[in-house]
1. Hey, any hits in segment 112-126 for a residue that's out of contact with any Lys or Arg (no Cβ under 6 Å at 6 or more places or on another chain), surrounded by fewer than 14 Cβ atoms within 10 Å (Cβ to Cβ), modelled with pLDDT under 90 and not hydroxyl-bearing (S, T, Y)?
2. In segment 30-62, how many are under 21 Å from R211 (Cβ atoms) and small (G, A, S)?
3. Restricting attention to segment 182-228, which residues are over 13 Å from the mean Cα position of the chain (by Cα) and polar (S, T, N, Q)?
4. Here are some conditions: (1) in contact (Cβ under 8 Å) with a residue 60 or more places away in the chain; (2) over 26 Å from S182 (Cβ atoms). T27 meets all but one. Which one does it not meet?
5. All but one of (1) surrounded by fewer than 12 Cβ atoms within 10 Å (Cβ to Cβ); (2) more than 18 Å from the chain's Cα centre (by Cα); (3) not hydroxyl-bearing (S, T, Y) hold for R179, so report the exception by its number.
6. In segment 154-171, which residues are touching a residue at least 12 places away in the same chain (Cβ under 8 Å) and either farther than 19 Å from F70 by Cβ or among the aliphatic types (A, V, I, L, M) (or both)?
7. Taking segment 121-142, which residues are within 23 Å of the chain's Cα centre (by Cα) and either touching a residue at least 60 places away in the same chain (Cβ under 8 Å) or assigned to a helix (DSSP H, G or I) (or both)?
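The values are calculated or read from the model by the stated rules, or taken from the named source; none is laboratory data. Predicted model only: the values in this text are computed from it and were never measured. Counting neighbours? That spans all protein chains shown, and the Cβs are built from the backbone with ideal geometry, glycine included.
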Amino acid sequence: MTGLGHQLTTIDFSPRLESCLKEVFPTAILQRCIFYAVQLLTRGLNKELLSVKKQELLDYIDEWKALRKFTFLLERDEAMFWQIAFKFPEIRLARKVHKQLVGCLSGRDHVEVKERLNSFLCSSLFQKGSGKNASLMRYNAIFTKCKLKYSEKGLKYIVPRIYEAFRHAIREAKIKLERSKSDFNKVRYLIMKNSVNITLLDRKNLRKYLRFPWLRNYRKILVKFYYQFRLPSSKRGSLLFLKGLIDVD
């Protein structure tokens, strides 16, 4: 735009375009387009959120799957040929629980196996596991629903069912994360929406899905960002708060 005695040019964030305009119109005032500012920010955030999804959910789900496979190998005494380092504390704990479980169920003396197992189920290690309730529910069903009893003959039916009870807890944990992944996919776009365009249903879903603590900071900063454009230019503040979206990593 050319006015009386001054020139004003609105551009995107291209450094090449800025360089060319400064050369051709050295006295022109350059301003950034709001549309491109929002587009650039939301595109960058979308990539970041996909990375967060992988770190917090997809990798977690993959480790539960790997643990399930590892339990089969350990029970068949083949785990020495398969090494993996689990990074999530809950899965490392579940790995320790399963290893202890294998030790309790080894041997053919049904009385000794029963005593070791009952002692382990009361231990602090087992009680700390998040899947204890799911495992115990299946474990108790072995004796109530299936009517099995500890005996020399009964061990060969009881032991596989106890292992299956442990894997049931793994499935429950994985299913819970799969639901979280589905919720994350829905909220990923909601948190980037301008508050002006958000419906009552959107607000309801945001409150529901923002249980992910690592998403709240993104939403808080974006609300503040969009609010700047609802103010007169004279009252707009610094955008330095956007640095809150960046960390040293």
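1. no
2. Residues meeting the conditions: 1.
3. N194, S195, N197, T199, N205, N217, Q228
4. (1)
5. (2)
6. G154, L155, I158, V159, R161, I162, A165, A169, I170
7. K128, K132, N133, A134
Yes or no, residue by residue, for (1) touching a Gly at 6+ places or on another chain (Cβ under 8 Å); (2) of a type in the set (G, A, S); (3) at pLDDT 85 or above:
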{"position": "K174", "(1), (2), (3)": "no, no, yes"}
{"position": "R179", "(1), (2), (3)": "no, no, yes"}
{"position": "F212", "(1), (2), (3)": "no, no, no"}
{"position": "L215", "(1), (2), (3)": "no, no, no"}
{"position": "I221", "(1), (2), (3)": "yes, no, yes"}
{"position": "G237", "(1), (2), (3)": "no, yes, no"}
{"position": "L240", "(1), (2), (3)": "no, no, no"}
{"position": "D247", "(1), (2), (3)": "no, no, no"}
